[in-house]
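Reading through the structure tokens given below for one structure.
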Amino acid sequence: MLHMMTVYGHAGKQESRESLFERVFEAASALGSVPTLILGDFNTTVETSRTLRAATSIGQWTDVAHHVAMRNGTSPAKTCWQAEGGTRIDLVLANEAAMQAVESVEVVEVKPIPTHHAIVVRMNLERFQDRQRTMVRPAAFPRRMPNLSEEDERSLAEETLAKTRDKLARALARKAVEEAWRLASGDVRLSVLLRWPPLRFVSPAVLRLVDFGSSFLSSGL
């Protein structure tokens, strides 16, 4: 996932701009090491802003257009033509995670906008599609668990393990920890379901399907 923040720096108010930039960088840093872009009309250049200069000088943030231009042996194109000769007050800043996907930068003229040119950044977004595992918090155990006799406990254990005993043994023999954990966790959930009188007469196979379906939905897949 690529995060983007847009900024408009206060025109003619340097201290207000610096304060805004500081808050923006703080908010972006709070997201963690996720791909993030900060872009917009900053109404100042990196060189004349102490906050932008500090953020880019330590490598935490990169002026994308400047970086790509230096890599190509050219100078970054001007983006604003309100003053004679043009300035580069429109910026795209990327953190380290986002820079890995940057492929090219181009400054193009946009006809309806007389003063500013657009910055086109091409990125390979497939680099952000890495799969990540998330932990799903299980539902709480019921407050009141029925008391079962020793015989019923043994019967319940046999019912629970009937379908997975051999699979669990094979997983443990292969040292397939994740598969063994999945099987054992499913057995525990099934044993909890089978404890409740209304479900005692429901087939364990059916309960496994119901439990799998609820886990599948709660995982957000």
Roughly speaking, to the nearest percent, how much of region 1-110's 1.4 Å accessible area is carbon and sulfur?
-> 53
Can you give the FRET efficiency for Trp181 and Arg127, using 1/(1 + (r/R0)^6), R0 = 30 Å, r = Cβ-Cβ distance, to the nearest 0.05?
-> 0.50
With every protein chain present, what is the per residue accessible area of region 66-128 (1.4 Å probe, Å²)?
-> 60
Using only Cα atoms, locate the centre of region 99-127 and the centre of region 43-93, then give the distance between them in Å, rounded to an integer.
-> 13
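Could you sort the peptides 113-122, 149-158 by per-residue average Cβ neighbour count (10 Å cutoff), highest mean leading? Don't skip to the end; give the middle numbers.
Numbers: 113-122: 13.7, 149-158: 11.4.
Going from most to least packed, we get 113-122, 149-158.
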Treating each Cα of region 1-63 as an identical point scatterer and ignoring solvent, apply the Debye formula and state log10 I(q)/I(0) at q = 0.12, 0.17, 0.26 Å⁻¹.
-> -0.27, -0.54, -1.25
Eligible lysines near Lys167 by straight Cα distance, threshold 18 Å, same-chain separation 8 or greater | Lys175
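The values are calculated or read from the model by the stated rules, or taken from the named source; none is laboratory data. Bear in mind the structure is a predicted one, so any value in this text is a computation, not a measurement. Cβ sites come from the backbone with ideal geometry, for glycine too, and all protein chains shown count toward neighbours. Just so you know, the surface numbers come from the protein's heavy atoms only, side chains and all, with ligands and any DNA or RNA stripped out. Shrake-Rupley method; radii C 1.70, N 1.55, O 1.52, S 1.80 Å.
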